[in-house]
Amino acid sequence: MAIHINPISPVAFSVFGLDIRWYALAYVVSFIVIFWLLARLMRNRDSGLNLDKKQYDDFITYIILGVVIGGRLGYVLFYNLPFFISHPLEIIQIWHGGMSFHGGLLGVITAIFLSAHRYHFNGWKMLDLGAVVTPLGLFFGRIANFINMEVMGRTSDVPWAVVFDGYSSVPRHPSPLYEAFGEGVFLFTFMFLLYKKTNLKKHPGALAGIMGMSYAVIRIVCELFRAPDAQIGFLTSWGLTMGQLLSGVLFIVGATMFTWAMTRK
């Protein structure tokens, strides 16, 4: 028997007539938590990263722009390009949803190395710290996806399948919650333990490579329960999704980065 849920309004609350949406709130909370933890990790002597307050504030600005611009452009290019060519103004309306992790990742990497060049710190070490804290943002983002009834799962008769009453009568896998646990809770715990309990941090780029490979595997598995994007569908007759394709590329990049980090002098 499926679990019946009344649809939740995409608007969390309103302030002076301005609607604050769950999607935007997830990003705000993610940035606050991530940058707080990142600052604490950077204070450790073995982090090798020393930025003063102004430099760190500028760095945060770069990262936020990288996440938003990269994530949005990734969604536009990878998931719905024909629609956005016909409706270009929709590109800037991110409050309607539509962000790509893979695009956001490229944006963050770009922001990190631009900041590293400007402020003369080791970009690979910063990328490793980013790999540790990023799953926290993924957790909040996937919870917002569930609230917005986005990227829901394939039809299923499992006891925990979800039906949003008044929206759909078809029980589906609550795939955003699977991803919130896998990409968020599990991946953060795994990466944090690797950072704290191993010597991988002495090989700049290794942790980032592991994070790329780990995320790719988790995402590929979760996509088995997630309905493909309606505007794309399956890419092959045997069920390959765009998320799995991009994650496969990410796994190769992560493996290459890890090998390079562990073998370079």
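Rule-based calculations on the coordinates, nothing more; no lab input. No experiment lies behind these values; they were computed from the predicted model shown. Reconstructed Cβ throughout: ideal geometry from the backbone, glycine too, with neighbour counts over all protein chains shown.
Summary of values
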| item | result |
| --- | --- |
| Gain upon complete extension [VAL33, THR256; 0.36 nm per residue less C-alpha separation] | 77.3 nm |
| DSSP loop chymotrypsin sites (Phe, Trp or Tyr not before Pro) with at most 16 other Cβ within 10 Å excluded, longest remaining stretch of the chain | 17-159 |
| Quarter of the Cα convex hull surface for the range 21-112, i.e. its orientation-mean projected area (nm²) | 6.6 |
| Dipole moment magnitude, nearest 20 debye, the range 3-263 about Cα centre, only Lys, Arg, Asp, Glu C-beta charged | 880 |
| Spatial separation of Cα centroids for the range 106-165 and the range 67-93, in angstrom | 18 |
| Gyration tensor verdict on the range 84-194 (Cα atoms; rounded if a/c is under 1.5, prolate if a/b is larger than b/c, oblate otherwise) | oblate |
| The chain: calculated mean residue ellipticity at 222 nm from DSSP helix runs of at least 4, using -39500 (n - 2.57) | -19500 deg cm²/dmol |
| 14 Å beta-carbon shell around SER156, net charge (K/R +1, D/E -1) | +2 |
| Entry for Rg and Dmax of the Cα atoms in Å (calculated from the structure that is shown) out of [x] 17.3, 51; [y] 19.1, 60; [z] 20.0, 62 | [y] |
| Top positive-direction residue, dipole computed over the range 3-263 with Cβ charges, set PHE225, PHE13, ILE109 | ILE109 |
| Filter on LYS53/LYS125; LYS125/LYS196; LYS53/LYS202; LYS125/LYS265; LYS202/LYS265; LYS54/LYS202 - keep pairs with C-alpha separation over 22 Å | LYS53/LYS202; LYS54/LYS202 |
| Charge sum, other residues only, whose C-beta stays under 15 Å from HIS120's C-beta, Lys/Arg counted +1 and Asp/Glu -1 | +1 |
| Debye, to nearest 20: dipole size of the range 137-237, +1 on Lys, Arg Cβ, -1 on Asp, Glu Cβ | 620 |
